[in-house]
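Here's the structure, in structure tokens; my notes come after.
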Amino acid sequence: MSAIAAEAPHDDHGADHGGHGHEELVENNYMKVPNVKLALWTFLGSECMFFGSLIATYFFYLEKSISGPLPAEVFSIEITSISTFVLLMSSFTMALAVDSAKSGAMDKARNWLVVTALCGSVFVGFQVYEFYHFFHMGLALQTSLFGSTFYTMTGFHGAHVTVGVIWLLMCAALVNNGKIKAERAVVIESAGLYWHFVDIVWIIIFTFVYLLEFAK
Amino acid sequence: MSGILHDVESYHSHKKLYTKTAIILTVVTAAEIGLLFVPALKPFFTPMLVIMAVYKLAVVVGTFMHLGDDKNVFRLVFLAPMGMAVAMIYVVGLMVMPHFAPFGDGYVKLATHKSKDERYGTGEYSKEAIAARDNKPPHLSAEKYTALFASTKDFSAGKKLWGANCASCHKADGGGMPGLGPNMTDDCYLHGGSVYDIVNTVTNGVKGKAMIAFKSQLNEEEIDQVALYVRSMRGKNVAGGKKCEGDKVAAK
């Protein structure tokens, strides 16, 4: 816990997000951090282990399938590159949404949230297409170790993106109704943390699962 | 929902930084994909791809998520589990990323590590090749078996073996049973009617059918005897036998 203890004296310098430096506005007086953000980061820590396990399991069973198409036979580098790019850019638009909200431009924030959700939907659309395509090439969840580990890993990621899209649209609606104002930008920032995390999981999956397959 | 209040006035926009970050991410991703089209760099593919992915991850976490200049407690609750996850993936990943092994030749070899041929049943591991390897050929030539049959008068040993091993599916009189063994007393055979063929069928069985391989249950002599007896049944056409299955051969 030394990390937390060491934090206290530095309370008044550094970044100015999340009400930093405004004692009376801080929810949690002991750690001086907004609860919602602390909860989000803790949740994301557990998500690291969740996706870490799924990725490790995928590796563990890689090249041990005894039937069905091989990864290199089903993967399409073009399609996955496009969807990866869309998801990366959605992180950018998400950052812009948080930035707009913190700057007090709530209309802009709402628009960027919608754009981000749209990018997320496009990514999910690509994934649905990919799964459909793989399935018709003879790769089902129960076909092989590759099938079951691949679909479980990328499926859970896709589910996270889907949840994120719903979350962002809810935020956009609340911003639109004036329920989230600039001083409560931390709510959007938290949704953004989740969104960026889902993006970095895909950065890892894209490189380690897709690109390394073509690097062999 | 009790929110934390944010001071709009004192906030400085990060738009420029974010735009720069987006450009960096795009360039690095393009480099990752482009790398694969430079065969000369093949030995460095894995380390370079991993470095670029880690760089992208760090950029997103550091810039978009502001973990670098945020509270320590956030770093603690996020980076500690991430470190554990990375360690776990690294250890397991040694099986697929030999470049990252600190010592040895880097590949964790498991008993289950099989070649493509083994995994997909091609080449020397194809079904045909395995069947051919597993099959035990009859120990005499086709001509010798034919001669042996011509000189054999006493089939009682074969008949006894038939009763013990074959009758349960082919019936005691050899007439065959529906859904199981075919009629042995007609002049039709599914897997060849010469003594040699019959020895082969009895020895190795028929894959995917009820006919099991007898090579582990009867010795060579016993299989010869039972095959000769089977051959002697041809053309008897017992009453109530199953109708012809397979190819017709000469009646005698």
Scan region A:194-206 and report the pairs whose first residue is farther than 13 Å from A:Phe156 by Cα and facing chain B (nearest Cβ under 9 Å) and whose second residue is assigned to a helix (DSSP H, G or I) and among the acidic types (Asp, Glu), with Cβ atoms within less than 7 Å and a gap of 6+ or a chain change. A:Phe197/A:Glu47
Only residues that are more than 7 Å from every other protein chain (Cβ to nearest Cβ), farther than 29 Å from A:Ala215 by Cα and loosely packed, with under 13 Cβ neighbours inside 10 Å: list them for region B:40-74, please. B:Gly68
Looking at region A:154-176, which of its residues are among the small types (Gly, Ala, Ser), buried (at least 16 other Cβ atoms within 10 Å of the Cβ) and within 17 Å of A:Ser100 (Cα to Cα)? A:Ala172
Restricting region A:101-131 to residues that are at pLDDT 95 or above and among the hydroxyl-bearing types (Ser, Thr, Tyr), the residue that is farthest from A:Leu168 (Cα to Cα): A:Tyr129
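Have a look at B:Ala22, B:Ala31 and point out the one that is in contact with a helix residue (DSSP H, G or I) (Cβ under 7 Å, 6 or more places away or on another chain), closer than 18 Å to A:Ile82 by Cα, in the same structural domain as B:Gly93 (by TED's automatic domain parsing) and free of Cβ contacts under 8 Å to residues at least 12 places away in the same chain.
On the way: B:Ala31 fails: free of Cβ contacts under 8 Å to residues at least 12 places away in the same chain.
Only one candidate qualifies: B:Ala22.
If the requirement is being in contact with an Asp or Glu (Cβ under 7 Å, 6 or more places away or on another chain), modelled with pLDDT under 90 and either surrounded by 13 or more Cβ atoms within 10 Å (Cβ to Cβ) or over 24 Å from A:Ile180 (Cβ atoms) (or both), which of these qualifies: B:Tyr11, B:Tyr18?
On the way: B:Tyr18 fails: modelled with pLDDT under 90.
None of the others qualify; the one that does is B:Tyr11.
Of the residues A:Lys216, A:Lys179, which single one is surrounded by fewer than 22 Cβ atoms within 10 Å (Cβ to Cβ) and in contact (Cβ under 8 Å) with a residue 60 or more places away in the chain? If you could, list the steps in order and put the result at the bottom.
Numbers: A:Lys179 fails: in contact (Cβ under 8 Å) with a residue 60 or more places away in the chain.
Going through A:Lys216, A:Lys179 in turn, just one is surrounded by fewer than 22 Cβ atoms within 10 Å (Cβ to Cβ) and in contact (Cβ under 8 Å) with a residue 60 or more places away in the chain: A:Lys216.
Only one residue in B:Val77, B:Val96, B:Val108 is within 8 Å of another protein chain (Cβ to nearest Cβ), assigned to a loop (DSSP other than H, G, I, E, B) and either within 18 Å of A:Leu145 (Cβ to Cβ) or modelled with pLDDT of 90 or more (or both), so which one is that?
Values: B:Val77 fails: assigned to a loop (DSSP other than H, G, I, E, B); B:Val108 fails: within 8 Å of another protein chain (Cβ to nearest Cβ).
Testing whether each residue is within 8 Å of another protein chain (Cβ to nearest Cβ), assigned to a loop (DSSP other than H, G, I, E, B) and either within 18 Å of A:Leu145 (Cβ to Cβ) or modelled with pLDDT of 90 or more (or both) leaves just B:Val96.
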Taking the conditions exactly as written (in a loop (DSSP other than H, G, I, E, B), surrounded by 12 or more Cβ atoms within 10 Å (Cβ to Cβ), in the same structural domain as B:Gly235 (by TED's automatic domain parsing) and in contact with a helix residue (DSSP H, G or I) (Cβ under 6 Å, 6 or more places away or on another chain)), does B:Ala172 satisfy them or not? no
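Which is among the hydroxyl-bearing types (Ser, Thr, Tyr) and over 30 Å from B:Tyr11 (Cβ atoms), of A:Ser100, A:Ser81, A:Ser90, A:Ser121? Break it down into steps so the answer makes sense when it comes.
Values: A:Ser100 fails: over 30 Å from B:Tyr11 (Cβ atoms); A:Ser90 fails: over 30 Å from B:Tyr11 (Cβ atoms); A:Ser121 fails: over 30 Å from B:Tyr11 (Cβ atoms).
None of the other options fit; the residue is A:Ser81.
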Scanning region B:205-236 residue by residue, those assigned to a helix (DSSP H, G or I) and not aliphatic (A, V, I, L, M) turn out to be B:Glu220, B:Glu221, B:Glu222, B:Asp224, B:Gln225, B:Tyr229, B:Arg231, B:Ser232
Taking B:Ser168 and the conditions (1) at pLDDT below 90; (2) within 26 Å of B:Glu128 (Cβ to Cβ), which numbered condition does it fall short on, given that it satisfies the others? (2)
Pull up region A:52-111, narrow it to residues that are among the polar types (S, T, N, Q) and more than 10 Å from chain B (Cβ to nearest Cβ), then point me to the one that is nearest to B:Pro81 (Cα to Cα). A:Ser90
Take region B:14-39 and flag every residue that is facing another protein chain (nearest Cβ under 7 Å) and outside any helix (DSSP H, G or I). B:His14, B:Leu36
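The values are calculated or read from the model by the stated rules, or taken from the named source; none is laboratory data. Predicted, not measured: the structure shown is a model, and the values here were computed from it. Quick reminder, even Gly has a Cβ in these numbers, built from the backbone with ideal geometry, and neighbours come from all protein chains shown.
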